[in-house]
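Q: I have a structure here, written as structure tokens, and I will follow up with some questions on it.
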Amino acid sequence: MSQTSARELGLCRCHTCGLLVRFQAGSVCPRCHSRLQVRIPHSLAWSWGLLALASFMLLPANLLPITHFYNKGLLQSDTIFSGIMMLYRSKMSGIATIVLTASIIVPVGKILGLGWICWQLQRTKPVRRKRQLIMYRIIDFIGRWSMLDLFVISLMVALVDRGVLLNVRAGPGATAFAGVVVLTMMSARMLDTRLLWDKAAR
């Protein structure tokens with residue numbers, strides 16, 4: 001059964017406040033006065049660009065120290081992976097699994113998932129909208145919890161009994177990882193899923 005899109009009916013949703021209004025070239029939203037656009041301009045290019053930056057930031061996020069701390073007067077550093085291994089050795093497998101999932105599995109999965117959706121949109125073959133929308137909604141949902149492991153990592157040294165009071169501070173890896181989280185969230189937001197319907201209608 002064919003379905004008529006809002007675009008074909010001359011309707012447009014405001015990207016700022018979400019109000020559904022009748023679209024005319026150059027018109028503005030009557031609620032928030034933002035400029036109305038039927039589709040996010042250059043959506044696919046923006047999404048690809050932000051995704052490429054996130055992929056680049058993933059390397060320093062995992063290779064550079066995410067925490068620095070002083071233990072018995074000596075400065076020590078932990079990367080995400082070494083922190084995970086420390087938690088496993090300290091018999092905190094539950095917390096280690098959370099950190100592993102949130103800091104490695106989720107970011108890589110988001111990048112691969114968004115890349116797959118963007119690649120499908122650029123192909124000449126018809127797209128499977130339902131599968132791609134499910135993938136997008138999963139990515140958008142888990143993106144809200146991506147900062148969880150930064151909180152866990154900031155607490156993990158305090159949870160491990162080292163016998164001394166530690167002075168902990170964030171390392172450059174934490175900044176890089178925060179960049180990965182923000183860039184993947186922006187990439188997902190810039191990807192206009194209505195392009196799936198536009199492609200299917202061709």
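Q: Quick one: which residue in L100, L112 is free of Cβ contacts under 8 Å to residues at least 60 places away in the same chain and either surrounded by fewer than 15 Cβ atoms within 10 Å (Cβ to Cβ) or of a type in the set (S, T, Y) (or both)?
A: Answer to the selection: L112.
Residue by residue, here is whether (1) modelled with pLDDT of 90 or more; (2) more than 20 Å from I105 (Cβ to Cβ) holds:
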{"position": "L36", "(1), (2)": "no, yes"}
{"position": "P41", "(1), (2)": "no, yes"}
{"position": "A45", "(1), (2)": "yes, yes"}
{"position": "A52", "(1), (2)": "yes, yes"}
{"position": "I66", "(1), (2)": "no, no"}
{"position": "S77", "(1), (2)": "no, yes"}
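Q: Would you call S90 assigned by TED's automatic domain parsing to the domain that holds A176, of a type in the set (S, T, Y) and under 29 Å from L195 (Cα atoms)?
A: Taking the combined requirement at face value, the residue does not satisfy it.
Q: Here are some conditions: (1) in contact with a helix residue (DSSP H, G or I) (Cβ under 7 Å, 6 or more places away or on another chain); (2) under 30 Å from R194 (Cα atoms). H42 meets all but one. Which one does it not meet?
A: Of (1) in contact with a helix residue (DSSP H, G or I) (Cβ under 7 Å, 6 or more places away or on another chain); (2) under 30 Å from R194 (Cα atoms), only one is false for H42: (1).
Q: Residues to consider are L112, L87, L59; find the one that is hydrophobic (A, V, I, L, M, F, W, C), assigned to a helix (DSSP H, G or I) and at pLDDT below 80.
A: Details: L112 fails: at pLDDT below 80; L59 fails: at pLDDT below 80.
Of the residues listed, the single one that is hydrophobic (A, V, I, L, M, F, W, C), assigned to a helix (DSSP H, G or I) and at pLDDT below 80 is L87.
Q: Right, something else. From the list S93, S77, S82, which one is in contact with a His (Cβ under 7 Å, 6 or more places away or on another chain) and of a type outside the set (F, W, Y)?
A: Testing whether each residue is in contact with a His (Cβ under 7 Å, 6 or more places away or on another chain) and of a type outside the set (F, W, Y) leaves just S77.
Q: Quick check: is even one residue across region 73-92 surrounded by 16 or more Cβ atoms within 10 Å (Cβ to Cβ), among the β-branched types (V, I, T) and without any contact (Cβ under 8 Å) to a residue 40 or more places away in the chain?
A: Looking through region 73-92, at least one residue is surrounded by 16 or more Cβ atoms within 10 Å (Cβ to Cβ), among the β-branched types (V, I, T) and without any contact (Cβ under 8 Å) to a residue 40 or more places away in the chain.
Q: Restricting attention to region 142-185, report how many residues are at pLDDT 80 or above and either among the basic types (K, R) or closer than 21 Å to L44 by Cα (or both).
A: 7
Q: Identify the residue in region 15-34 that is in contact with a Lys or Arg (Cβ under 7 Å, 6 or more places away or on another chain) and assigned to a loop (DSSP other than H, G, I, E, B) and, among all such residues, is modelled with the lowest pLDDT. Before the answer, list the steps.
A: Looking only at region 15-34, we keep the residues that are in contact with a Lys or Arg (Cβ under 7 Å, 6 or more places away or on another chain), and these are 17, 19-20, 28.
Retained after the next criterion (residues that are assigned to a loop (DSSP other than H, G, I, E, B)): 17, 19.
Numbers: C17: 81, L19: 77.
Applying the filter and picking the extreme gives L19.
The values are calculated or read from the model by the stated rules, or taken from the named source; none is laboratory data. Just so it is clear, the structure is predicted and the values come from calculations on it, not from any experiment. Neighbour counts are summed over all protein chains in view; Cβ atoms, including those assigned to glycine, are modelled from backbone coordinates with ideal geometry.
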